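The values are calculated or read from the model by the stated rules, or taken from the named source; none is laboratory data. The shown structure was predicted, so the numbers you read here are calculated from the model rather than taken from an experiment. Note that we place each Cβ from the backbone using ideal geometry, even for glycine, and neighbour counts take in every protein chain shown. Calculation scope for accessible area: heavy atoms of the full protein, side chains included, ligands and nucleic acids excluded. Shrake-Rupley method; radii C 1.70, N 1.55, O 1.52, S 1.80 Å.
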Amino acid sequence: MSTIKNIGILTSGGDSPGMNAAIRAVVRTGVYHGLEIFGIRRGYQGMIEGDIFRMQTTDVSNIIQRGGTILKTARSKEFMTDAGLAKAYDQLKKHNIEGLVLIGGDGTFRGAAHFFEQYTIPAVGIPGTIDKDLKGTDFTIGFDTAVNTAVEAIDKIRDTAEAHDRLFVVEVMGRDAGYIALYSGIACGAEDILIPEQTQDINDVLDRIDYDERRKKTVHILVVSEHEKLGGAKEVSDRIIARFPQLDVRACVLGHIQRGGAPSQADRVLASRLGYAAVNALVAGNTQVMAGVVNDQVVFTPFSEIVKDGNCVNIDMLEMIRVLSS
Ligand code: F6P
């Protein structure tokens with residue numbers, strides 16, 4: 001057991017639906033253990049600037065259902081510098097913060113690993129990102145909601161596509177990971193999916209459209225992940241128009257709508273479980289790890305392993321999509 005009495009909590013990087021549910025779980029579990037909880041606003045940047053305040057259980061009332069993050073978030077360039085790290089550490093000392101709960105994605109844990117190379121402070125991470133690109137957990141907080149948002153949007157696009165006999169190229173988020181594209185594409189019955197993890201030849205994509213055309217398919221939905229290698233929705237739709245001038249083609253970028261909204265049940269439950277587990281781990285002295293859920297069990301993975309390589313997309317799913325949409 002550790003002797004920690006005061007812990008800080010922050011959210012960092014892109015926000016994700018369910019972060020508030022995780023904050024609630026951390027604060028309430030911390031109070032249960034008799035800890036003092038300090039909220040750190042705007043992630044590492046707020047840590048550097050000392051934007052830190054005491055949190056009570058009432059501060060997290062009525063937030064489990066809200067998107068965004070009540071702690072606000074940021075991507076801090078200053079935290080990448082030695083001077084920034086030193087300022088951040090000084091602020092933690094000043095507020096007597098002896099342990100940290102860090103909620104965020106890949107960048108958050110890379111920042112943490114860098115910080116802890118130079119300064120010793122117990123910390124536990126919680127995976128909060130819509131991208132689902134972290135090792136050590138089956139799902140990240142926000143992914144399920146983001147996919148549901150994308151699915152709702154693509155279903156609507158299919159309605160208008162069908163009405164006009166159009167082909168739509170829909171671009172979804174995910175940074176360098178194709179999970180949002182893969183899951184939303186499967187759920188929407190997409191004709192094709194392009195993701196960064198797989199190198200595609202544009203001619204193969206066009207040949208598949210040609211095949212569908214000859215079978216008189218009237219609607220085509222191509223879901224493309226923002227960093228797939230053919231250049232995104234606009235570039236892909238231009239290439240389609242160049243080969244099939246007779247087709248009525250539109251490109252649609254869903255953008256930040258995928259990051260907002262009320263978290264799904266799955267994200268609220270995941271966030272609650274991980275917030276609770278993270279504080280229990282800190283109290284037990286199990287630190288410098290990220291809490292995750294694998295096969296429905298809470299597991300802890302060292303920060304150093306989280307940042308090494310991401311989750312692995314199951315490429316077989318792409319093959320399945322082509323069979324199911326045929
Ligand atoms: O990491 C979450 C994410 O939404 C990615 O999917 C996307 O590439 C990126 O953040 C967008 O970042 P920003 O909000 O800074 O434009």
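Points worth noting:
Yes/no matrix, rows are residues, columns are (1) surrounded by fewer than 22 Cβ atoms within 10 Å (Cβ to Cβ); (2) under 22 Å from Ala21 (Cα atoms); (3) assigned by TED's automatic domain parsing to the domain that holds Arg175; (4) in contact with a helix residue (DSSP H, G or I) (Cβ under 6 Å, 6 or more places away or on another chain):
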site	(1), (2), (3), (4)
Ile37	no, yes, no, yes
Ile48	no, no, no, yes
Ile52	yes, yes, no, no
Gly68	yes, yes, no, no
Asn96	yes, no, no, no
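- Taking (1) out of contact with any Asp or Glu (no Cβ under 8 Å at 6 or more places or on another chain); (2) touching a residue at least 60 places away in the same chain (Cβ under 8 Å) in turn, Asp238 satisfies each apart from (2).
- Close contacts from the stretch 79-105, counting a first residue that is within 20 Å of Thr287 (Cα to Cα) and of a type outside the set (Gly, Ala, Ser) and a second that is open to solvent by 10 Å² or more (accessible area, probe 1.4 Å) and part of a helix (DSSP H, G or I), with Cβ to Cβ under 7 Å and a gap of 6+ residues or different chains, come to Leu85/Gln118.
- Unique residue being surrounded by fewer than 19 Cβ atoms within 10 Å (Cβ to Cβ) and within 16 Å of the ligand (Cβ to nearest atom) when the list is Lys132, Lys72: Lys72
- Scanning the stretch 176-187 for residues that are surrounded by fewer than 22 Cβ atoms within 10 Å (Cβ to Cβ) and closer than 18 Å to Glu235 by Cβ yields a single hit, Asp176.
- Number of residues in the stretch 49-102 that are among the basic types (Lys, Arg) and more than 25 Å from the chain's Cα centre (by Cα): the value is 4.
- From the list Leu324, Leu274, Leu270, Leu318, the one residue that fits, being buried (at least 20 other Cβ atoms within 10 Å of the Cβ) and over 19 Å from the mean Cα position of the chain (by Cα), is Leu318.
- Within the stretch 271-326, the set of residues being among the hydrophobic types (A, V, I, L, M, F, W, C) and under 30 Å from Gly189 (Cβ atoms) comprises Ala271, Val293, Val294, Cys312, Val313, Ile315, Met317, Leu318, Met320, Ile321, Val323, Leu324.
- Flag for Ala190 being buried (at least 18 other Cβ atoms within 10 Å of the Cβ) and not in a strand (DSSP E or B): yes
- Inter-residue pairs, beta-carbon under 9 Å, first charged (D, E, K, R) and in the stretch 242-257, second assigned to a loop (DSSP other than H, G, I, E, B), 6+ apart: Asp248/Asp165; Asp248/Arg166; Arg250/Arg166
- Check on Ala21, within 17 Å of Gly105 (Cα to Cα), within 16 Å of the ligand (Cβ to nearest atom), of a type in the set (A, V, I, L, M, F, W, C) and touching a Lys or Arg at 6+ places or on another chain (Cβ under 8 Å): no
Matching residues to (1) in the same structural domain as Asn295 (by TED's automatic domain parsing); (2) within 16 Å of the ligand (Cβ to nearest atom); (3) buried (at least 23 other Cβ atoms within 10 Å of the Cβ); (4) farther than 15 Å from Val253 by Cβ:
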{"position": "Lys156", "(1), (2), (3), (4)": "no, no, no, no"}
{"position": "Arg166", "(1), (2), (3), (4)": "no, no, no, yes"}
{"position": "Leu194", "(1), (2), (3), (4)": "no, yes, yes, no"}
{"position": "Gln198", "(1), (2), (3), (4)": "no, no, no, yes"}
